[in-house]
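Down below is the structure, laid out as structure tokens.
The values are calculated or read from the model by the stated rules, or taken from the named source; none is laboratory data. Here the structure is a predicted model, which means the values were calculated and not measured. Positions of Cβ are generated from backbone atoms using ideal geometry, with glycine treated the same way; all protein chains shown enter the neighbour counts. Side chains are part of the model used for accessible areas, which takes the heavy atoms of the whole protein and leaves out ligands, DNA and RNA. Shrake-Rupley method; radii C 1.70, N 1.55, O 1.52, S 1.80 Å.
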Amino acid sequence: MEKVVLVTGANSGIGLALCERLLSQDGELRLCLACRNMGRAEAAKSALLTSHPQARVDLLHLDVGSARSVLRAAQEVKSRYPRVDHLYLNAGIMPNPKVDIKAFFKGLFSSNVINMFATAEGLLTQQDHLNSDGLQEVFATNLFGHFLLVRELEPLLGQEGHPSKVVWTSSSNALRSAFSLEDFQHRSGTEPYSSSKYASDLVSLALNRHHNAQGLFSSVICPGLVMTNLTYGILPSFFWSLLMPIMWFIRMFTNTLTLTPYNGAEALNWLFLQKPESLDSRAKYHSLTSGLGNNYTQPRQMDIDDETSEALYGKLLELEKVVRRQITEEAERQ
Ligand SMILES: NC(=O)C1=CN([C@@H]2O[C@H](COP(=O)(O)OP(=O)(O)OC[C@H]3O[C@@H](n4cnc5c(N)ncnc54)[C@H](OP(=O)(O)O)[C@@H]3O)[C@@H](O)[C@H]2O)C=CC1
Ligand SMILES: CC(C)CCC[C@@H](C)[C@H]1CC[C@H]2C3=C(CC[C@]12C)[C@@]1(C)CCC(=O)[C@@H](C)[C@@H]1CC3
């Protein structure tokens, strides 16, 4: 049977570049683009079919920020495919970002400049809000919707003799300092993006602890700093035009400025080729690009621990129960 690969947020940026790269790698794939906007999904499919006319590309309507949509989409996946070999949890948002310009210029002329461009630590805040499920939107989109999707698709992930890979697009902006178990949705802070990415690192570790025996292997990657809709949304285009020469210059001293979606998808593509059993569940796999433009993947140990990972996993299972109950009650009322 052909390999089934499902990619969330596949219609643009890193997700779309990954799809291009996977199709160049393996023409036999069954690729499923899981997107919230079907117009953009159709456009992505057409682009993929232009470069790979024989490819098998399916579309799936999925809004990861809505629990109802995730449950519906998971049902559809179960009816279409007997198993999922690779599940890329890539969709992500960073709403209303604000850059601390003073901190940026201070960082620019300090010894921390490389780290600043790699992690944006202390530079970025966002304004989040509640979604229709009553959850913080960034948490719901970047983490919880994906968690629910994995839970729903468990029967299709890791079947007898066929291990499956789950890959989270995390970030080097995943910072322990932004995350708290007591406020795991990040209701009260101003770094929901950072918190949600740190949470995905913790959940990936927990998934491995609970599901490796069943053949489900989870990994996290950081694509580096990539110019996509997400990053273009951070500053007006005028600022980016000014900043681009600095970025290309800094790229000679650091390998984390991958800049193009193709480069950013390096670690995602690399993981596709690895034996799941050979992967390190405590490592984040970084897409890196050398000054000469060569791409490679490097594992770096994450700043996570088993206790926090297990505690968060437990809290997400609890929240899952609440959300499922809410959906059932609403359906009964209608
Ligand atoms: N760019 C960068 O420098 C970095 C990016 N990342 C991560 O990479 C991932 C991909 O982002 P990137 O390619 O940069 O940005 P893009 O904005 O280009 O891609 C994000 C994708 O996620 C989709 N998406 C957003 N919300 C939802 C939702 N509720 N349901 C379904 N799909 C959704 C978007 O769809 P739509 O077109 O409908 O909005 C889009 O396809 C994200 O998780 C991001 O956090 C991590 C580190 C660095
Ligand atoms: C003149 C301006 C005020 C300059 C501001 C520069 C910033 C906009 C960038 C410097 C480091 C960048 C960065 C990211 C976004 C843009 C910057 C803050 C990310 C947070 C994007 C998403 C990620 O997940 C991270 C890996 C990126 C880290 C670096």
Original post:
Extent of the range 219-266 along each principal axis, from alpha carbon coordinates, in Å, largest to smallest?
Top reply: 36, 24, 14
Subject >> Distance between modelled label sites at I234 and D26, nm, 7 Å Cα→Cβ extension >> reply: 3.2
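For the chain, what is the accessible area per residue in Å² when the probe is 1.4 Å?
Values: 14720 Å² over 334 residues.
Value for the chain: 44 Å² per residue.
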Subject >> Highest-MSF residue in the chain out of H146, H210, H186 [GNM, Cα springs under 10 Å] >> reply: H210
Original post:
What range in the chain is the longest one free of chymotrypsin sites (Phe, Trp or Tyr not before Pro) that are in a loop by DSSP and have at most 11 other Cβ atoms within 10 angstrom?
Top reply: 110-252
Subject >> Solvent-accessible area, 1.4 Å probe, carbon plus sulfur percent, for the chain >> reply: 54
Subject >> Ratio Rg/Rh, restricted to the range 1-110 and using Cα atoms, in which Rh is the Kirkwood radius >> reply: 1.12
Original post:
Can you give the alpha-carbon Rg of the chain over 2.2 N^0.38 Å, where N counts its residues?
Top reply: 0.96
Original post:
So what are the radius of gyration and Dmax for the Cα set of the range 102-185, in Å?
Top reply: 17.8, 55
Subject >> Signed unit charges on C-beta, dipole axis of the range 104-164, positive-most listed residue Q126, F104, V150 >> reply: F104
**OP:** Could you give the size of the charge dipole of the chain about its Cα centre, using +1 on the Cβ of each K and R and -1 on the Cβ of each D and E, expressed in debye and rounded to the nearest 20?
**Re:** 560
